[in-house]
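**Q** Mind having a look at this structure? Questions to follow.
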Amino acid sequence: MNKGSAYMHWAKTSSQARFNLATSGLANLSLRALRVSLDDLEITGEDGYGYEPLKQALATRYRVNTDSIVTAAGTSFANHLAMAALVNPGDEVLIEHPAYEPLLALARYLGADVKRFSRRFEDGFQLSPVEIERKVSPRTRLIVITNLHNPSGTVADEKTLQQVRQIASAANARVLVDEVYIETLFADSPSTSFHLGKEFVVTSSLTKAFGLSGLRCGWIFAEPELVRRMWLLNDIFAATPVHPGERLSVLALQQIEGIARRAHTLLDENRRLLNQFLDSRSDLETIRPQFGTIMFPRLKNGGADRLCELLREKYETSVVPGGFFEMPAHFRVGIGGDSESLNAGLDRLGDALDEIKS
Ligand SMILES: Cc1ncc(COP(=O)(O)O)c(C=O)c1O
């Protein structure tokens, strides 16, 4: 697909199932769970370049100056704005493999010359500075990674990110880090690679760890000069943000500790359930991440397409086919839903795996 994302289209039209293990975020939080009154809301705001109280709330949480923040409709639009500001047609963009497909689709849509570097299953999908160094060229303008990694959930440590920064610096390139899953570390002081150096441009949102996708509360952290360029670019995209969304996002950030507690408890229990399931399977190989909402098991024998089809058709259960991540022997399981559904879905996954074997 030249102007679109095959994965996003599939996720919107074909991933639903009675037992949906294809989602990558936490179960949606309902509006009723937020303390909000009508007086807190307004339809139209005055800040064309981002609602000040929202930028302030993000600045405080992530220890970033407000002039280093662009707000955007979700990480999706943050990625678009960031890449559009950083990449010109023909520029070389180096993207991890396997990758979240919309990032690839976006770079191609912007006319980038897309090159890849591997994150190997055999290495636990860790970022390899050696591999990045091997693939970077004097034409590379941008290196794109996700942290935590989608689809594997692997976390990159600070030392590795510093090595990536040095490679980017030597090539006069930037590093776009999509950190949409990083809040699932539930750290007291949430981390962001933005603090590691000016090469880093970071995108994220309240979507994955908190079940707040519908707020579309996304952001970019970048150097002030880049931020100014992104806001000016936004004048020809969204022009002004959705103000009720900005207001609700501020309220959500004020209540984020309680929201995070609910998420953390749910994910701990669900990770236990998934690990228990994986312990019982000799037909799957998996890197088991400590954090996040997703895992990316591999079938020992053969591709996962037939498994995904059978699961949907006979067992009313969905997972994401690894083909969307260019690794068809794998499938992605999401653990952000309620524990009962996850358990039922895993039972069915087990049945489908047994059926395929026999
Ligand atoms: C790596 C990555 N980036 C961005 C997104 C989209 O996030 P948002 O809902 O904030 O637009 C997703 C959702 O699956 C994702 O996995």
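**Q** Given a 1.4 Å probe and the protein chains all in place, what does the accessible area of M230 round to, in Å² to the nearest 10?
**A** Looks like 0 Å² after rounding.
**Q** Moving on to the next point. Computed on alpha carbon atoms, what radius of gyration and Dmax characterise region 203-282, expressed in Å?
**A** 18.0, 54
**Q** Which distance in nm do the two modelled labels at N65 and T240 give, with both placed 7 Å along the Cα-to-Cβ direction?
**A** Roughly 2.7 nm, to one decimal.
**Q** What translational D, rounded to a whole number of µm²/s, comes out for the chain from Stokes-Einstein when the hydrodynamic radius is the Kirkwood one over Cα pairs, at 4 °C and 1.567 mPa s? Each step should come with its number before you reach the end.
**A** Working: Rh = 20.9 Å.
Once the numbers are plugged in, D ends up at 62 µm²/s.
**Q** Ignoring ligands, DNA and RNA, how do D235, D188 rank by accessible area with a 1.4 Å probe, largest first? Working shown, then result.
**A** Working: D235 70, D188 165 Å².
Ranked from most to least accessible, the order is D188, D235.
**Q** What value does region 314-353 have for Rg/Rh, both radii from Cα atoms and Rh as Kirkwood defines it? All intermediate terms of the calculation are to be shown ahead of the outcome.
**A** Working: Rg = 10.8 Å, Rh = 10.9 Å.
Answer for region 314-353: 0.99.
**Q** Tell me, what HN-Hα J-couplings in whole Hz come from the Karplus equation 6.51 cos²θ - 1.76 cosθ + 1.60 at θ = phi - 60° for each residue of region 15-26, using x for Gly and Pro?
**A** 8, 5, 7, 4, 10, 9, 9, 9, 7, 10, x, 6
**Q** Excluding residues on the same chain fewer than 8 positions from K135, give the lysines whose Cα lies under 16 Å from its Cα.
**A** K115
**Q** Shifting gears a bit: Once all Cα-Cα distances of region 13-72 are split into 10 Å bins that start at 0, what whole-number percent is in each one?
**A** 15, 28, 33, 22, 2
**Q** Given H placed 1.01 Å from N in the peptide plane, which residues other than close sequence neighbours of V114 have an amide H under 5 Å from its amide H?
**A** V93
**Q** Tell me, how many Å apart are the Cα centres for region 7-68 and for region 262-279?
**A** Comparing the Cα centres of region 7-68 and region 262-279, I get a distance of 24 Å.
**Q** Moving on to the next point. Ratio to report: Rg/Rh of region 217-358, with Cα atoms as the point set and Rh obtained by the Kirkwood method; give two decimals. Present the calculation step by step, with values, prior to reporting the outcome.
**A** Working: Rg = 20.1 Å, Rh = 18.1 Å.
Across region 217-358, the Cα-based Rg/Rh ratio is 1.11.
**Q** Rounded, prolate or oblate: which one fits region 12-121, using the alpha carbon gyration tensor with axes a ≥ b ≥ c (rounded when a/c is under 1.5, else prolate when a/b beats b/c, else oblate)?
**A** Values: a/c = 2.28, a/b = 1.31, b/c = 1.74.
It comes out oblate by the Cα gyration axes.
**Q** Further question: At a threshold of 8 angstrom on Cα-Cα distance, excluding pairs fewer than six apart, so keeping six or more, what relative contact order does the chain reach in percent?
**A** Details: 682 pairs, mean separation 91.2, N = 358.
With pairs under 8 Å counted, the relative contact order is 25 percent.
**Q** Taking only the alpha-carbon atoms of region 257-318, what semi-axes of the equivalent ellipsoid follow from 5 times the gyration tensor eigenvalues under a square root, in whole Å, largest first?
**A** Result for region 257-318: semi-axes of 26, 15, 10 Å.
**Q** Can you tell me the Rg and Dmax of region 173-214, counting just the alpha carbons, in angstroms?
**A** 11.2, 33
**Q** Next question, about the same structure. With a cut-off of 8 Å between alpha carbons and a minimum separation of six or more residues, what is the relative contact order of region 89-241 in percent?
**A** Numbers: 247 pairs, mean separation 25.2, N = 153.
Computed value for region 89-241: 16 percent relative contact order.
**Q** Something else now. How large, in Å, is region 104-252 by the Kirkwood hydrodynamic radius built from its alpha-carbon pairs?
**A** Details: mean 1/r = 0.0598 Å⁻¹.
Mean inverse Cα-Cα distance, inverted, gives 16.7 Å.
**Q** In whole Hz, with x marking every Gly and Pro, tabulate ³J(HN,Hα) for region 319-324 from phi via Karplus 6.51 cos²θ - 1.76 cosθ + 1.60, θ = phi - 60°.
**A** For region 319-324, the Karplus-derived couplings read 9, 8, x, x, x, 5 Hz, x marking Gly and Pro.
**Q** With each run of n ≥ 4 DSSP H residues scored as -39500 (n - 2.57), what mean residue ellipticity at 222 nm is computed for the chain after dividing by its residue count and rounding to the nearest 500 deg cm²/dmol? Each step should come with its number before you reach the end.
**A** Numbers: 12 runs with 143 residues, N = 358.
The helix contribution divided over the chain gives -12500 deg cm²/dmol.
**Q** Sorting F277, F117 by accessible area (1.4 Å probe), largest first, what list results? Walk me through the intermediate numbers first.
**A** Details: F277 25, F117 0 Å².
Ranking F277, F117 by accessible area, largest first, yields F277, F117.
The values are calculated or read from the model by the stated rules, or taken from the named source; none is laboratory data. Everything numeric in this text was worked out from a predicted model, so none of it was measured. Methodologically, a virtual Cβ is constructed for each residue, glycine included, from the backbone with ideal geometry; neighbour enumeration extends over all protein chains shown. What goes into the accessible areas is simple: the full protein's heavy atoms, side chains included, and nothing from ligands, DNA or RNA. Shrake-Rupley method; radii C 1.70, N 1.55, O 1.52, S 1.80 Å.
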